[in-house]
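Enquirer: Shown below is the structure under consideration.
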Amino acid sequence: MAPAENGEGPFSAVTIRSAVKTGMSERQLQTFSFGPGETLMKQGERGTEAWLILEGEVEVYDDPGNKPLKSLARLKERQVFGEMALIDDGLRSATVVARSPLTVAEVPRAGFEKMLNACQPMARHVLTHLVNAVRAQRGIAISEATAEGPTIRSSNDTQRILERRMFAPGATVFREGDEGEAAYLIQSGEVVIKRGETIIATLGPGRTFGEMALMRNANRMASAVVGDYGAALEIIRRTQFEKAINSMPKILQSLAHAYLGYLTGPAPKGET
């Protein structure tokens, strides 16, 4: 894949100015300098911070270890990287190397978590789900701890999301190509996500599905079919979903849409 000069995919341009609203101003961030060729982070390592580029450029590489590096993106001033490991507490998904004399501001985990904690549980779940999907699409393992995502309110909570419905075994919740008007939270049972006859995922209690169409304002990209023992689902209507997403600080909304664009955009030339 050729370097993405405009930082397309999950590495799209994202400003951190909105972080000021969370009590973290750019002037309070510690700055560091790196020379050309220096590595800022290594794929597979534990992440403890994200980085905001103040001056210079970096190259983002897929670094599987047993194969040559493959460039994923080229990032410039005012762009952020390293945040995925802070969102889902997973390992670094790429290696980042300075292309030129570089000055960056460190965004510590505590500051980033403050932004995450400002989100409604549904919004944080969606963000974690998108990060996991990006990792899965790139063939990066997802740990059990992050696969389920954060806890979401259920019908047992005083602030109930919406109505609960029972679905019979084999029932179709929605079909590929349908309009997307709701997302769903699984309370019990399983739901199988299929594209054509190919099973993409089998989801259990605590997982959501159907949110992609709401975020893209587009038709369903896959079908959802209830498993062999039926399922109890909570229906999250578009208005409630949008309210949750809008609870995110602007920087997290930008990241969510960047991840979504990576997942739903056309495959890069030469790839499927």
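Enquirer: Please enumerate the residues belonging to the stretch 196-252 that are of a type in the set (Asp, Glu) and either under 20 Å from the mean Cα position of the chain (by Cα) or surrounded by 15 or more Cβ atoms within 10 Å (Cβ to Cβ) (or both).
Expert: Glu211, Glu234, Glu242
Enquirer: If you don't mind, another one. Return yes or no: is Gly261 more than 15 Å from the chain's Cα centre (by Cα) and not hydroxyl-bearing (Ser, Thr, Tyr)?
Expert: no
Enquirer: Here are the criteria: (1) at pLDDT 80 or above; (2) surrounded by fewer than 17 Cβ atoms within 10 Å (Cβ to Cβ); (3) among the small types (Gly, Ala, Ser). Tell me which single one Gly180 does not satisfy.
Expert: Exception for Gly180: condition (2).
Enquirer: Still on this structure: Checking Gly139 against (1) at pLDDT below 90; (2) buried (at least 17 other Cβ atoms within 10 Å of the Cβ), only one condition comes out false. Which one?
Expert: Among (1) at pLDDT below 90; (2) buried (at least 17 other Cβ atoms within 10 Å of the Cβ), the lone unmet condition for Gly139 is (2).
Enquirer: I've got another one for you. Could you list all residues from the stretch 65-98 that are of a type outside the set (S, T, N, Q), surrounded by fewer than 19 Cβ atoms within 10 Å (Cβ to Cβ) and free of Cβ contacts under 8 Å to residues at least 40 places away in the same chain?
Expert: Gly65, Lys67, Pro68, Leu69, Glu77
Enquirer: Any idea which residue in the stretch 211-269 is modelled with the lowest pLDDT, counting only those that are of a type in the set (Ser, Thr, Tyr), farther than 24 Å from Arg165 by Cβ and out of contact with any Gly (no Cβ under 8 Å at 6 or more places or on another chain)?
Expert: Once the filter is applied, the top-ranked residue is Thr264.
Enquirer: Evaluate the following for Glu57: is it modelled with pLDDT under 50, surrounded by 16 or more Cβ atoms within 10 Å (Cβ to Cβ), of a type in the set (Asp, Glu) and over 18 Å from Arg92 (Cα atoms)?
Expert: No.
Enquirer: Same structure, new question: Tell me, please, whether a residue that is closer than 27 Å to Phe209 by Cβ and assigned to a helix (DSSP H, G or I) can be found in the stretch 90-98.
Expert: No.
Enquirer: Still on this structure, I have one more. Being under 17 Å from the mean Cα position of the chain (by Cα) and modelled with pLDDT of 80 or more narrows it down to one of Glu113, Glu148, Glu106, Glu144, so name that one.
Expert: Glu113
Enquirer: Then there is this: Would you pick out the residues in the stretch 183-203 that are in contact with a strand residue (DSSP E or B) (Cβ under 7 Å, 6 or more places away or on another chain), among the small types (Gly, Ala, Ser) and at pLDDT 90 or above?
Expert: Scanning the stretch 183-203 gives Ala183, Ser188, Gly189.
The values are calculated or read from the model by the stated rules, or taken from the named source; none is laboratory data. Just so we're clear, the structure is a prediction, and the values are computed from it rather than from any experiment. Note that each Cβ is placed from the backbone with ideal geometry, even for glycine, and that neighbours are counted across all protein chains shown.
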